[in-house]
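Chemist: Here's a structure for you.
The values are calculated or read from the model by the stated rules, or taken from the named source; none is laboratory data. Nothing here was measured: the structure is a model prediction, and the numbers come from that model. Reconstructed Cβ throughout: ideal geometry from the backbone, glycine too, with neighbour counts over all protein chains shown. The accessibility values were calculated without ligands, DNA or RNA, using every heavy atom of the protein model including side chains. Shrake-Rupley method; radii C 1.70, N 1.55, O 1.52, S 1.80 Å.
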Amino acid sequence: YPLKDVSDFEVGAVLLFSWIKVSGVTKNGVANSTTIEYNAVTERYFTPFVNKLRSVLAGVEGNSLQTERDKFNFLAVENFKFMNYAMRSLSGGEKVLQIVLQPKISKPRITLAGHVLFRTILSLARLAILTDRELIVIEDGERGGEKRGTRYGGRWQYIPLKNITGTSLLDREDNLLVLSLALVPTGRQVEFIFDVTKRQELFQLRDEIEKLMGK
């Protein structure tokens, strides 16, 4: 993937299983995605690769400023894990513009004597962070188990703002909203599910993204 043709990439870690997924157009002109899997023990060897990608794609580098990291402090009560993940994801030179936290969305599947025995998970918890350079979306790990309501691991998706060509908010059933982004050069759509109670925050997020896109 020539760097100029990479649309976005994600980084994930669940226990010892880790991965990097790059999406873009290959040197042969084919829109594709490639996942590189590795053991979390070797993460230090892959971190420079991730930092270089973010530096080239979104113009961010170095360590984050403490004043920007402090913007995540309010998450300590609501989701301590995501607070740490958010601080870890921020790079130097970025300014945090908006933060949207979405807890796990689920609905009852089987009830007995008024007690819910099983739930269907509609969407795992996620945190959307809009900076002046990129949109970072952190999600709970799908592969990880859950203990006391907290899932192991997470997934980080980094989307440079310059690669977003369109945004939309769509209403779905069960009081859900879908934030959809169109990306270049692949032309693919990425979607993120939120609860309808996040409508005002999402409209603000969409408007801010479009403003940064120059619309």
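Chemist: Residues in the stretch 183-215 that are part of a helix (DSSP H, G or I), in contact (Cβ under 8 Å) with a residue 40 or more places away in the chain and not aliphatic (A, V, I, L, M): how many?
Modeler: The number of residues fulfilling the criteria is 5.
Chemist: Give me a count of the residues in the stretch 26-64 that are over 17 Å from Phe9 (Cα atoms) and among the small types (Gly, Ala, Ser).
Modeler: Total satisfying the criteria: 4.
Chemist: Moving on to the next point. Among the residues that make up the stretch 160-178, is at least one of them free of Cβ contacts under 8 Å to residues at least 40 places away in the same chain and in a loop (DSSP other than H, G, I, E, B)?
Modeler: yes
Chemist: Then there is this: Restricting attention to strands (runs of 3 or more DSSP E) lying wholly within the stretch 1-99, give those where 2 or more residues are open to solvent by less than 60 Å² (accessible area, probe 1.4 Å) and closer than 23 Å to Leu205 by Cβ. Spell out the reasoning first.
Modeler: On the way: elements: 6-14, 17-25, 31-39.
Where strands (runs of 3 or more DSSP E) fall fully within the stretch 1-99 and carry at least 2 residues being open to solvent by less than 60 Å² (accessible area, probe 1.4 Å) and closer than 23 Å to Leu205 by Cβ, they are 6-14.
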